[in-house]
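Undergrad: The structure's right below; bear with me while I get my questions together.
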Amino acid sequence: MTANASRNPDPALEETSQPGLGKMRVWWSGVQPSALVSAQQKVLKDTPASNAHSQLFGSPGARLNTVDLPGPVGSEEHPPLVLLHGFGTGLGIWARQLKDLTEDSRVIAVDLPGMGGSERAPFHGQTEEEAEEYFLEAIEMWRQDMGLGQMVLVGHGLGGYLAAAFALKYPQYIAHLVLVSPQGLTSIDAAHDASATPAMAVLWSRGITPQCLCRWGGRLLGPGVVSRYVDSRFEGEPTFWRQALSQYLYAAWASPSDAELAVTRLLQLTGQPAHPLQERLRKLKVGVVFVYGHYDWSEHKAADELIPRLSVSGSVALLANAGHYPFVDNAPKFNALLQRLMFVTRARKDGFQVGLHPLEPTPPGSGNASARSMVSNNKSLAEEEGAAGSQAESLAGASEQAHVRARGLGEHVGVHEGVHEGEGVGPQHVGQQVGELYLL
């Protein structure tokens, strides 16, 4: 399915995004079946998606709400950028990414199974494995129906967990993986969301989510619950933006979904899984970038510990002036990071060596993978990106504008980089950390 395909437009989404929503539920919630569509359009206002039709793709009964935005001419020849949101939000949360990222790439934002405008498939399982498969099967059927080959998969929170699990199961479809404050890395409760109170944890263990409480409150209490949640999460953001997001989330939460039950089987309220991804990801076959906000309640320690143990390239980036939603709090830096990653992904696909990892420089004279273990800590990013940029200039048809955008990070950084036997270093270096954490 191409980016310009027209299938299952908004009217169909209006009818299917909230199946079984009877007159009593409409009256109680105050949410009409068409409310989510209009709320999504409002939160995406002034983005390339403002006039885009949402479409449903996937297996009937479990189709996923999708906004598919084409990039510039020629971008269809390269892997698209696919964005998976976290628990409790929807594809509209990526609004600040769409303008910048579509300048270079095809961008696809999708609602997770059973969330946002996606269809509410039933969940009959009880175990973590069944819950994970509930989501992964729907995402894979969506990928097939979209006609996608490889993609650069970006996931936040729960979306990060599912993106990682998908990459483990279907590595052949992942060109690169970006995990933004992902849940489920470790079972150690080193840090957690401050809103995860003991009472909420008990309710969560019984399959009762914040969305359930919002629905029980109806039109009298529900909108206030969501507004307080948004105001606490995004304090300091413009009032009109928070109001639009609150309306969007309330419309999304108004329809019951078995996906919420599946999430309570998959993760604890604080994000800890029964089987942590930290160990599972040691088998990862694709490159990965972890991204965290500098004051994110999701600690990056587990990612730091994982990177040296990977058999593929991996890095951890911290975004300054950002919390658990770094792509909202510091959208310019986040977008620049993804643009750099997409630039490198396209260049390497075309046979050019622009960088052995999206966040590291191209070392002088590098001709093989062993150079990955030779990252210098003594250069500014401008100098390092300059080295990469000098090679990038040989890209046939690469415009100077795209080249500048790809170099737009602009601050001194280092990198956590794993060193592995067989990469031009001795066995004594296996598992050692080289370099330092990226701070963007």
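Undergrad: For the stretch 1-53, how many residues are at pLDDT 65 or above, open to solvent by 50 Å² or more (accessible area, probe 1.4 Å) and part of a helix (DSSP H, G or I)?
TA: Final tally of qualifying residues: 8.
Undergrad: If you take the residues in the stretch 283-342 that are small (Gly, Ala, Ser) and without any contact (Cβ under 8 Å) to a residue 40 or more places away in the chain, which one is nearest to HIS156 (Cα to Cα)?
TA: Filtering first and then ranking leaves GLY323.
Undergrad: Quick check on this structure: which one of GLU132, GLU140, GLU128, GLU119 is under 24 Å from LEU281 (Cα atoms), buried (at least 20 other Cβ atoms within 10 Å of the Cβ) and either charged (D, E, K, R) or without any contact (Cβ under 8 Å) to a residue 60 or more places away in the chain (or both)?
TA: GLU132
Undergrad: Could you list, ordered by first residue, the pairs with Cβ atoms under 8 Å in which the first is in the stretch 54-71 and within 23 Å of LYS99 (Cβ to Cβ) and assigned to a loop (DSSP other than H, G, I, E, B) and the second is β-branched (Val, Ile, Thr) and open to solvent by less than 40 Å² (accessible area, probe 1.4 Å), at least 6 apart or interchain?
TA: That search, which allows pairs on different chains as well, returns SER54/VAL37; SER54/THR66; SER54/VAL67; PRO70/THR102; GLY71/THR102; GLY71/VAL107.
The values are calculated or read from the model by the stated rules, or taken from the named source; none is laboratory data. Owing to the predicted nature of the structure, the values given are computational and were not obtained by experimental measurement. Methodologically, a virtual Cβ is constructed for each residue, glycine included, from the backbone with ideal geometry; neighbour enumeration extends over all protein chains shown. Quick note on the areas: whole protein, heavy atoms, side chains included, nothing else; ligands and nucleic acids left out. Shrake-Rupley method; radii C 1.70, N 1.55, O 1.52, S 1.80 Å.
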